[in-house]
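Participant: For reference, the structure I am asking about is given below.
The values are calculated or read from the model by the stated rules, or taken from the named source; none is laboratory data. Note that the coordinates shown come from a computational prediction; the quantities given were computed from them, not determined experimentally. With ideal geometry, Cβ positions are generated from the backbone for all residues, glycine too; neighbour counts draw on all protein chains shown.
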Amino acid sequence: MQDLHNLVRQFGEPEAENKTNRLIELLNKKPTNAESLIEYHEALLFILAYPDNQTILELAKTSLLKCGEWSKLWFDKSRSKDLKHLEESGLNGTTLNAKFSYGLTSHLATKYQKNIHLHSIEGDANRLREILQFSMVGIEKETLPHSMEDLMMWLTDEAESDNKTSLEILLKAISFFGKTALVSQTIFEFLSVFISIDFDLTFSTRSFLAMETGKYFYQKNALQKKIDLPALFALPKPKIAKYKSAILIETARLSLLSLAKETDPITFANPTETTLYDLEKGLTYGLFHMLPANRLPIDTYVGYMAFRNGIPISYGGAWIVGNTAQIGINIYETFRGGESAMMLCQLMRLYHKEYNIHFFRVEPYQLGHDNEDGLKSGAFWFYYKLGFRPEEAKLKTVAESEWQKMQNKKNYRTPISTLKKLVQGYMGYFTCREFPIIDSGIISTWASEKIKTRFSGDRQLAASQSISRMNSLLNLNYEEMNKWTKAEQDTYKSWCLFFYFSGEIPKIKKSEIAELIQMMKAKGSENEKTFVQLWQKNKFVTLLNNQITKEQDEHD
């Protein structure tokens, strides 16, 4: 098994032959414990994503079925030492207990009733009782017990009599009490609801969860470690792969679910703005926009999931403002030490081509600030080697000095104290320097300060006055606005406050009015990508960003 582990990232004819022999030898050889089983399983999963040839691919698939049989057998026997390793593995026959959002939990409870159950409620019993009472007829409200244990029993009994699950009964009560998705989500979080997920061969087991593309790329040569990023950006726009939105969204959700994770763009994915791209050599990327009601007010948060030969290998997203994108990438542990640099660079290429991004940023946490794993992994130097540089001049100087020491002394390692300083600021990568850096956090802080100074912190007054003023300047009336969707109205009102403090809007020409209104509405439209494109070419956004930057510099 150790031989196989050492071989999975090696490629070539001799390596393929050795890999085939090891797989045949291990095919019916049961691992001695759950820890070994998981190590074996992860090696096989890597082979599934990076197969040398069809023979090795089929051997890996057969071996994964065996792993599923063994994991189910060990989990059913409930041996404590094995349970410890299997509980969060996502393997066949195992169970995972975790918390998710109200939206995702509701989706899972409806679609996968057999596999999703209520595990526990860690919140306040009195609050749960109040919520359950709200959905009851007045005269029966006092029949509810008071302790959390008894309330859980009540939910079980109610579910049996109603031919539903206790989780469905709870979610229905929360929905009835909350009225809106936002309030229901808040209540759900307050109650701290945990669900149990039972993995089997028909549902979400990591062994065979894949986005089928109908073709395989066989890895004949060594994995690509060094990347020429400018050359990658010069390649043509990636082609759209064959896919179905519903399958892509569900595959991404279940992949994260098996690791007790979720991201908003995937949980609240908009099917009409979900696309799968082919980036060659078996690598595909799904991009996910959120539904209008769930979007951020300024950033366009576009999530992604990467697949290699259909196997999920990485996830994250980009927070886009103008031509700037803050990127976050998370590579599944199984696939680290493979083509990490390639995954990141192809992701940047995709955002660059699809959204005209020319400045990429990485936040301090990703680099290792308040993140021990990121610090120890050398994330800072990983990005530095690709061309990212600290945005702060002082940190940039320190990084250049440390880099020079590393070049001059083969075994030199940056002291941990110095590394902790370096990861305190953002790193950035420019494709070209003609585009301004836009930070949504600075915009938000600027608007908040304006509300404090001009409206004494009265946000309702600020909102109503900004809408009235912008309606007047743009010749809009409420009768016309009522023809828009609620999301379009909400985003327009939000942007009114943004432009209210600009000295440029009163100078707007009649010919520019329609374009500005279109941009302000677009954030809430069905196609959020249109908003990104309109933002990038709107002169008033550029002028206002310059105004904000100038005021910030004067303040500092």
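Participant: I'm trying to understand the selection: among the residues of region 152-205, which are touching a strand residue (DSSP E or B) at 6+ places or on another chain (Cβ under 8 Å) and more than 16 Å from ALA98 (Cα to Cα)?
Facilitator: MET152, LEU155, THR165, SER166, LEU170
Participant: Considering only region 227-340, give the helices (runs of 4 or more DSSP H) lying wholly within it that have at least 1 residues that are under 24 Å from GLU88 (Cα atoms).
Facilitator: Helices (runs of 4 or more DSSP H) meeting the threshold: 245-257, 264-267.
Participant: Determine whether THR105 is closer than 30 Å to LEU118 by Cα, at pLDDT 95 or above, in contact with a strand residue (DSSP E or B) (Cβ under 9 Å, 6 or more places away or on another chain) and buried (at least 20 other Cβ atoms within 10 Å of the Cβ).
Facilitator: So THR105 fits the description; yes.
Participant: State whether the residues of region 443-465 include one that is surrounded by 11 or more Cβ atoms within 10 Å (Cβ to Cβ) and in contact with a Pro (Cβ under 9 Å, 6 or more places away or on another chain).
Facilitator: Yes, region 443-465 has at least one match.
Participant: So which residues in region 507-556 are surrounded by fewer than 15 Cβ atoms within 10 Å (Cβ to Cβ), aliphatic (A, V, I, L, M) and without any contact (Cβ under 8 Å) to a residue 24 or more places away in the chain?
Facilitator: Correct list: ALA514 only.
Participant: Can you tell me which residue within region 200-246, out of those that are among the acidic types (Asp, Glu) and at pLDDT below 90, is surrounded by the fewest Cβ atoms within 10 Å (Cβ to Cβ)?
Facilitator: Here the answer is GLU212.
Participant: Let me ask another. Could you list, in sequence order, all residues of region 256-299 that are surrounded by 21 or more Cβ atoms within 10 Å (Cβ to Cβ), more than 13 Å from the chain's Cα centre (by Cα) and of a type in the set (S, T, N, Q)?
Facilitator: SER258, THR274, THR284
Participant: What residue, of ILE197, ILE174, ILE249, is buried (at least 17 other Cβ atoms within 10 Å of the Cβ) and under 19 Å from ASP124 (Cα atoms)?
Facilitator: Every option except ILE174 fails the conditions.
Participant: For LEU48, indicate whether it is out of contact with any strand residue (DSSP E or B) (no Cβ under 6 Å at 6 or more places or on another chain), in a helix (DSSP H, G or I) and surrounded by 21 or more Cβ atoms within 10 Å (Cβ to Cβ).
Facilitator: Answer is no for this residue.
Participant: Return yes or no: is ILE131 touching a residue at least 12 places away in the same chain (Cβ under 8 Å), out of contact with any strand residue (DSSP E or B) (no Cβ under 9 Å at 6 or more places or on another chain) and of a type outside the set (Asp, Glu)?
Facilitator: Answer is yes for this residue.
Participant: Condition first: under 27 Å from the mean Cα position of the chain (by Cα), of a type in the set (Phe, Trp, Tyr) and part of a helix (DSSP H, G or I). Can you find one or more residues in region 187-205 that meet it?
Facilitator: yes
Participant: Here is a further query. Of the residues in region 499-550, how many are within 17 Å of TRP484 (Cα to Cα), within 29 Å of the chain's Cα centre (by Cα) and of a type in the set (A, V, I, L, M)?
Facilitator: Here the count works out to 3.
Participant: Which of the residues spanning region 494-546 are part of a helix (DSSP H, G or I) and acidic (Asp, Glu)?
Facilitator: GLU512, GLU515, GLU528
Participant: Here are ASN115, ASN126: which of them is more than 30 Å from THR263 (Cα to Cα), touching a residue at least 12 places away in the same chain (Cβ under 8 Å) and among the polar types (S, T, N, Q)?
Facilitator: So the residue among ASN115, ASN126 that is more than 30 Å from THR263 (Cα to Cα), touching a residue at least 12 places away in the same chain (Cβ under 8 Å) and among the polar types (S, T, N, Q) is ASN126.
Okay, residues lined up against (1) touching a residue at least 60 places away in the same chain (Cβ under 8 Å); (2) touching an Asp or Glu at 6+ places or on another chain (Cβ under 9 Å); (3) outside the structural domain of SER63 (by TED's automatic domain parsing):
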| position | (1), (2), (3) |
| --- | --- |
| LEU155 | no, no, yes |
| GLU158 | no, no, yes |
| SER161 | no, no, yes |
| LEU167 | yes, no, yes |
| LEU182 | no, no, yes |
| THR186 | no, no, yes |
| SER192 | yes, yes, yes |
| PHE203 | yes, no, yes |
| PHE208 | yes, no, yes |
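Participant: Say whether the condition of being of a type outside the set (Ser, Thr, Tyr) and under 30 Å from HIS146 (Cβ atoms) is met by at least one residue in region 60-80.
Facilitator: no
Participant: Considering LEU65, LEU57, LEU91, which residue is closer than 30 Å to LYS215 by Cβ and within 25 Å of the chain's Cα centre (by Cα)?
Facilitator: Criteria check complete, one pass: LEU91.
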